[in-house]
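Where a number appears in this text, it was derived from the coordinates with a stated rule and is not lab data. The structure presented is a predicted model; accordingly, all values stated were derived computationally and were not measured. For neighbour counting, all protein chains shown are included, and Cβ atoms are generated from backbone atoms with ideal geometry for every residue, glycine included.
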Amino acid sequence: MISLLKRFLGRSASVIDVGQPTEKTGNQWTEDDFSHLNSELATVGGNEFADFCIAEGDCDIAGDVLDKFQEILKRIPTDDEEEYDFLGVVVRQRLISANLLPEGDPERYQYKVAQWGSSLAKHG
């Protein structure tokens, strides 16, 4: 029924309503943008992963960093895609503060964390 109404209004039936725009691009999101979520993956796992990257002095998702990331994903599973976005924001903010990422995240590391997290959780 909803897909019929969407088509009637000229919208694709596959369009998902995501709420009001925030006027921010993804790399401007902060933890406040996810205040409605209670995400152990982002708050505990994200900080643990960022701490590990800071201690290693490296945040490339490969080798030991990848192993740590997979360990956290297995220990704190979720099927909520928004939690992976939140995880990316937490990690990005911490790594920028530690000068491991440049301000503004021009390489889109936040998205890499979110996408890798979601993919690894689904496909191991």
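Which of the residues belonging to region 70-97 are of a type in the set (Gly, Ala, Ser) and loosely packed, with under 15 Cβ neighbours inside 10 Å?
Ser97
Please go through region 44-61 and give me each residue that is among the β-branched types (Val, Ile, Thr) and surrounded by 18 or more Cβ atoms within 10 Å (Cβ to Cβ), ordered by number. Write out each step before concluding.
From region 44-61, those among the β-branched types (Val, Ile, Thr) are 44, 54, 61; that's our starting set.
The answer is Ile61, and nothing else.
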